[in-house]
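Presented below is the structure to which this report refers.
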Amino acid sequence: MNLRQLQHLLAVADTGSFSQAAERHYISQSALSRSIQALEEELGVRLIDRVGKRNELTPFGRAVAVRAQRMVHDATELRRSAQLLREGRMGALRVGLGSGPSAILLRPFLLHMARHYPDVEVSLSPGSTELQVPQLRQRAFDALVVDMRRVSPSPDLVIEDLGGMRAGFACRAGHPLLALGRPVSFVELRRYPLASTPLSDEVARHLIARYGAGADPQSAVTLRCDDIDALLDVVQNSDAVFLGILAAVAPQQQAGRLTELLLSPALDSVARFAFVTLADRTEAPAVAILRTFVTDVLHD
């Protein structure tokens, strides 16, 4: 048994096709068939059944594939560690960012790396946490910085709590609600479009408990996307109201373009962020730089 045979088995499991699995590994279909046949003979049990036009793992084959995946990943990580050690370099850094962290970290972290670690290849990818977690598991990212409430605990994930940042409402400096000269009710706020990133169930429950059923984000939020910068641009140029991390509003607030909108009662909520890595993966040295930076920045 060797890693190549296990990789061939995993390719068939993934594609359901001997021909596609062979193409993936740049070998002939007959060579791949011989590889899997040798693995079956060594284990003394059939691993793959043909079901119609598709090849599927037998029950024992599925058990073998689970352990094979771990073995292949472990071998990949050993090679990765050895390469980093040989080269003595910081390596590359691929990071997935949730909407809140993206608005706060994207430009400052790129500037930090350009100034202090110009040899590190940095790739920052804003996007949906629900899509980025599977990509982390597939080794497409080295780490994620995301809303902690949108990541489900799992044995293969290391989820580090980065603490909380105050959430609230913001609007353009000349918004009609500011002319009232007092904190406004959620009913008054609902007269205008409400802009927000997708919110977790926990945040939704908090809003409903605070302001009533009318504050359910499913109906109350009329402008929704993962790009906070885009939402803030809309808020700055319309009567829409932003709901989210107030730290993301700070640059526009300092420039006099946006301001916090006070509600009665006050929102009294914080966004919690997490630094997420794979439990079984060797960290590139640059991951430590990222962890230190986000720990220093993601707090009020």
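Scanning the range 147-167 for residues that are surrounded by 17 or more Cβ atoms within 10 Å (Cβ to Cβ) and modelled with pLDDT under 95 yields ASP147, MET148, ARG150, VAL151, LEU162, MET165, ALA167. Right, SER128: farther than 19 Å from ALA247 by Cβ, small (Gly, Ala, Ser) and either touching a Pro at 6+ places or on another chain (Cβ under 8 Å) or not assigned by TED's automatic domain parsing to the domain that holds PHE293 (or both) or not? It is true that SER128 is farther than 19 Å from ALA247 by Cβ, small (Gly, Ala, Ser) and either touching a Pro at 6+ places or on another chain (Cβ under 8 Å) or not assigned by TED's automatic domain parsing to the domain that holds PHE293 (or both).
Evaluate the range 169-187: report whether one residue or more is touching a residue at least 60 places away in the same chain (Cβ under 8 Å), more than 19 Å from GLY98 (Cβ to Cβ) and of a type in the set (S, T, N, Q). Within the range 169-187, one or more residues are touching a residue at least 60 places away in the same chain (Cβ under 8 Å), more than 19 Å from GLY98 (Cβ to Cβ) and of a type in the set (S, T, N, Q). If you go through the range 144-158 and keep only what is of a type in the set (D, E, K, R) and within 14 Å of THR197 (Cβ to Cβ), you end up with ASP147, ARG149, ARG150. Please name all residue pairs, on different chains or six or more residues apart, with Cβ atoms under 7 Å, provided the first residue is in the range 278-300 and is surrounded by fewer than 17 Cβ atoms within 10 Å (Cβ to Cβ) and the second residue is in a loop (DSSP other than H, G, I, E, B). From residues that are surrounded by fewer than 17 Cβ atoms within 10 Å (Cβ to Cβ), the pairs are ALA279/PRO155; ALA279/ASP156; ASP280/ASP156; PRO285/MET90; PRO285/GLY91.
For the range 167-181, the set of residues classified as part of a loop (DSSP other than H, G, I, E, B) and either touching a Leu at 6+ places or on another chain (Cβ under 8 Å) or aliphatic (A, V, I, L, M) (or both) consists of ALA173, HIS175, listed by residue number. Only residues that are at negative phi and over 28 Å from the mean Cα position of the chain (by Cα) were counted across the range 152-182, and they come to 10. When the range 189-207 is examined, which residues are found to be closer than 26 Å to ALA179 by Cα and assigned to a helix (DSSP H, G or I)? LEU189, LEU207, listed by residue number.
The values are calculated or read from the model by the stated rules, or taken from the named source; none is laboratory data. Only a predicted model underlies this, so the values are computations on that prediction, with no experimental measurement involved. All Cβ positions, glycine included, derive from the backbone under ideal geometry; neighbour counts span all protein chains shown.
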